[in-house]
Amino acid sequence: MEWRTPPAMNAPPLARTDLLAEIAQLKRERQAVILAHYYQAPEIQDLADFVGDSLELSRRAAATDARVIAFCGVRFMAETAKILAPDRIVVLPDLDAGCSLEDSCPPAEFARFRAAHPDHLALTYINSSAEVKALSDIIVTSSSAERIIRAIPPERPILFAPDRHLGAWLMRRTGRTMVLWEGTCIVHEAFSETELLKLKALHPGAPVAAHPECPGHILEHADFVGSTSAILKFALDTPGDTIIVATEPHIIHQMERAAPHKTFIGAPGADGRCSCNICPYMALNTLEKLYRALRDLEPRIELPEELRRRALVPLERMLAIADDRPTDLTPAPMA
Ligand code: 13P
Ligand code: SF4
């Protein structure tokens, strides 16, 4: 294929229409696929080839035959894509797009947590670094976790990291006791119970759909709890025409696209109208940075091969259990 020279690095910023045209052109030239999470800005969701939850994005990354994966999400998601598709170039528009859950669980402390519970199976939420994944037995996402816990023999004790709210919700759902890591998502922690109750009173009968990263005092007012994709499905399928959404509000873009006749209201934060429920990490990715990532094929996600191979084991176990394929649950060797 012939490679065109896109506008130079030091060229003046492109107008929005030129940016969209350049991204489309570069996508073809680089043989790239654009994968986006629901928490990305609408303009990014609209030009993505696929928008989904963490599990669906992992599956798409593993299955793609594109040469380049432009991952519009946070770093742990792009790292997961690289672990599953090592021969693809994976670019993330902003390498600083981290996650408070990942930050709450440094690998050395997690290794000590594991070492203190040698007989436990380590179940780790996908919102974690590649190093922590490599120290784990099975990775879970919010959409696969319940099924995975139910597949674990009842006599096996479980460690769950890093989200204590998701862990507590899973314990309530499955009746399994787990030892929880104390991490939280700053975005889902910011919902206010008082403001949610006021909103419910204003919209009597409107169901509340919440992500399991929300604290228990929010989840107890929810009519439905599930992953981002499951919340989207609930919002579209539920017969009511007004739905209160307790997760990052950019997902409402997909709801409004699919059901413009319904009203979707984002659950409020502390003062009833702050934008504290917008994920600041996801917001680091912009159209301009996506354009540059496709143009320069940077910033790239690179992982040492030995680390990637170790992190792949618990990820493949997740995909196998989620697909009902048999898998061996021998604990990961301690690093
Ligand atoms: P989902 O897997 O439900 O998309 O969640 C990812 C996430 O980071 C939620 O904060
Ligand atoms: Fe991490 Fe929370 Fe942002 Fe999801 S919403 S990426 S868990 S900080």
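The values are calculated or read from the model by the stated rules, or taken from the named source; none is laboratory data. Everything numeric in this text was worked out from a predicted model, so none of it was measured. With ideal geometry, Cβ positions are generated from the backbone for all residues, glycine too; neighbour counts draw on all protein chains shown.
The table below lists the values:
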item: Subset of region 41-57 (residues that are away from ligand 2 (no atom under 16 Å from the Cβ) and part of a loop (DSSP other than H, G, I, E, B)); result: A48, D49
item: Members of region 67-106 that are free of Cβ contacts under 8 Å to residues at least 60 places away in the same chain, away from ligand 2 (no atom under 16 Å from the Cβ) and crowded, with 23+ Cβ neighbours inside 10 Å; result: I69
item: Qualifying residues in region 125-144 (those that are of a type in the set (A, V, I, L, M) and in contact (Cβ under 8 Å) with a residue 60 or more places away in the chain) - the one surrounded by the most Cβ atoms within 10 Å (Cβ to Cβ); result: I139
item: Pair list, Cβ < 7 Å and 6+ apart or interchain, from region 107-124 residues that are under 18 Å from F76 (Cα atoms) and touching a residue at least 12 places away in the same chain (Cβ under 8 Å) to residues that are of a type in the set (F, W, Y) and surrounded by 15 or more Cβ atoms within 10 Å (Cβ to Cβ); result: L123/F160
item: Tally, over region 82-98, of residues that are in contact with a Leu (Cβ under 7 Å, 6 or more places away or on another chain) and within 14 Å of ligand 1 (Cβ to nearest atom); result: 1
item: Residue satisfying all of: in region 230-242; away from ligand 2 (no atom under 14 Å from the Cβ) and within 15 Å of S142 (Cβ to Cβ); surrounded by the fewest Cβ atoms within 10 Å (Cβ to Cβ) among these; result: K233
item: Among the residues listed as T174, T184, the single one being within 16 Å of ligand 1 (Cβ to nearest atom) and of a type in the set (S, T, Y); result: T184
item: Test: residue in region 291-299 that is within 14 Å of ligand 2 (Cβ to nearest atom) and in a helix (DSSP H, G or I); result: no
item: Check on L14, under 20 Å from A81 (Cα atoms) and at pLDDT below 95; result: no
item: Failed item, numbered, when S142 is tested on (1) in a helix (DSSP H, G or I); (2) in contact with a Pro (Cβ under 8 Å, 6 or more places away or on another chain); (3) within 30 Å of R257 (Cα to Cα); result: (1)
item: Residues (of a type in the set (A, V, I, L, M), closer than 14 Å to R88 by Cα and buried (at least 20 other Cβ atoms within 10 Å of the Cβ)) located in region 22-65; result: A32, V33, I34, L35, A61
item: Condition check for I148: surrounded by fewer than 24 Cβ atoms within 10 Å (Cβ to Cβ), touching a strand residue (DSSP E or B) at 6+ places or on another chain (Cβ under 6 Å) and under 23 Å from L290 (Cβ atoms); result: no
item: Residue in region 80-93 that is within 16 Å of the chain's Cα centre (by Cα), more than 17 Å from L290 (Cα to Cα), among the polar types (S, T, N, Q) and at pLDDT 95 or above present; result: yes
item: S275, sole failed condition from (1) hydroxyl-bearing (S, T, Y); (2) crowded, with 17+ Cβ neighbours inside 10 Å; (3) not in a helix (DSSP H, G or I); result: (2)
item: Residue check for F50: without any contact (Cβ under 8 Å) to a residue 60 or more places away in the chain and within 15 Å of ligand 1 (Cβ to nearest atom); result: yes
item: Where L55 falls short, out of the listed (1) away from ligand 1 (no atom under 11 Å from the Cβ); (2) among the hydrophobic types (A, V, I, L, M, F, W, C); (3) farther than 19 Å from L307 by Cβ; result: (1)
item: Residue within region 258-270 that is in a helix (DSSP H, G or I), away from ligand 1 (no atom under 16 Å from the Cβ), surrounded by 14 or more Cβ atoms within 10 Å (Cβ to Cβ) and under 23 Å from the mean Cα position of the chain (by Cα) present; result: no
item: Close pairs (7 angstrom Cβ cut-off, 6 or more residues apart or separate chains): within 21 Å of A134 (Cβ to Cβ) in region 155-174, acidic (D, E) and surrounded by 24 or more Cβ atoms within 10 Å (Cβ to Cβ) anywhere; result: D163/E213; L166/E213
